[in-house]
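Reviewing the structure listed below.
The values are calculated or read from the model by the stated rules, or taken from the named source; none is laboratory data. It should be emphasised that the depicted structure is a prediction, and the values quoted were computed from it without experimental measurement. All Cβ positions, glycine included, derive from the backbone under ideal geometry; neighbour counts span all protein chains shown. The protein model used for the area step is the full one, side chains on, heavy atoms only, and it has no ligands, DNA or RNA in it. Shrake-Rupley method; radii C 1.70, N 1.55, O 1.52, S 1.80 Å.
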Amino acid sequence: MPTALITGVTGQDGSYLAEFLLEKGYDVIGMVRRTSTVNFDRIRHIQDRVEIVQGDLLDQVSLINILQQHRPDEVYNLAAQSFVPTSFTQPVLTGEFTAIGVTRMLDARHIRFYQASSSEMFGKVQETPQRETTPFYPRSPYGAAKVYGHWITVNYRESYNLFACSGILFNHESPRRGLEFVTHKISNAAARIKLGLQDELLLGNLDAQRDWGYAPDYVHAMWLMLQQDHPDDYVIATGETHSVREFCQAAFACVDLDWEQYVKVDPRFYRPAEVDLLVGDASKARRVLGWQPSVTFNDLVRIMVEADLARLRQQGNHTPHIG
């Protein structure tokens, strides 16, 4: 029975990947940081089947100890400071986790390693659509840190003959997405407004365009990369682009509301340097991995809105909240 170590197991991707690997018969080790408020909500339903270990990407000794004790066959490095706006206010911490933390993991020289790269590395895009050979031009400290993590993975693969892969994942969403991310902020607001719990939604740039997919589809791609005969890097994307405006329109349509009556633009939510358009070319992943997305944009939005409606109704939130 193979063993997999997942850093960032309590995040959106980590929770779906843990589910996926358990179904495949893996022993799953989930690494979490020791804090006073570790949030296990996303893996509560499988927590008794995942061995939780404490480690930190800032502490190399803890990483080495985990790897020596558990000897995982596969390592999925999903842990990072991944919220782009926070990377502008905490750029050094973002670099420590999202860039240098990758090196600390790679230095243990384990067997099969997956690095979570990001479409944010393309930033001010140099070609459209973006593929594995598109030059990087990050527009945030998060994007810059991910570029470092990506290239150090390539460097260790070529220098030490490691089976190390990077998945350049474009935006992927689900009901488990953090509420601070714009997609879940929108779907949650649509549900709350429908239930009379909120009366408006404040957003930044409505014209920003992204390639949005469904997170469970994307963790399948991570696993496929580590099952190949040779390590390589892959863009994982739907190949479609939609604006924040379109996401609002689709989400509010799910609850029979006109989004324009409720959404307001607030300049506070604009980024210092904006990423205007991201859309990926995943033809290499289709050809080599046999991967393709299974959920459409409209279905993704509907899944998220319906999950938020169900959660809010279950919570019994009937007291109107203004703002």
The residue that is modelled with the lowest pLDDT, considering only those in the stretch 265-323 that are more than 30 Å from M225 (Cβ to Cβ), among the β-branched types (V, I, T) and not in a helix (DSSP H, G or I), is I322
Would you be able to say whether some residue in the stretch 223-230 is open to solvent by 20 Å² or more (accessible area, probe 1.4 Å), at pLDDT below 95 and in contact with a helix residue (DSSP H, G or I) (Cβ under 9 Å, 6 or more places away or on another chain)?
-> no
Just to be sure before I move on: is K124 closer than 26 Å to F297 by Cβ and modelled with pLDDT under 95 in the structure I sent? yes
From the option list D199, D217, single residue qualifying as of a type in the set (D, E, K, R) and outside any helix (DSSP H, G or I) is D199
| Would you say A237 is under 23 Å from P138 (Cα atoms), open to solvent by less than 20 Å² (accessible area, probe 1.4 Å) and among the small types (G, A, S)? | yes
| query | Just a yes or no: is a residue in the stretch 250-258 under 29 Å from T133 (Cα atoms), in contact (Cβ under 8 Å) with a residue 12 or more places away in the chain and in contact with a helix residue (DSSP H, G or I) (Cβ under 8 Å, 6 or more places away or on another chain)? | reply | no
The lone condition L78 fails out of (1) at pLDDT 90 or above; (2) under 19 Å from W212 (Cα atoms); (3) surrounded by fewer than 16 Cβ atoms within 10 Å (Cβ to Cβ) is (3)
Of the residues in the stretch 136-179, those that are among the small types (G, A, S), in contact with a Pro (Cβ under 8 Å, 6 or more places away or on another chain) and open to solvent by 20 Å² or more (accessible area, probe 1.4 Å) come to A144
Can you find a residue that is in contact (Cβ under 8 Å) with a residue 12 or more places away in the chain and either outside any helix (DSSP H, G or I) or β-branched (V, I, T) (or both) anywhere in the stretch 11-21? yes
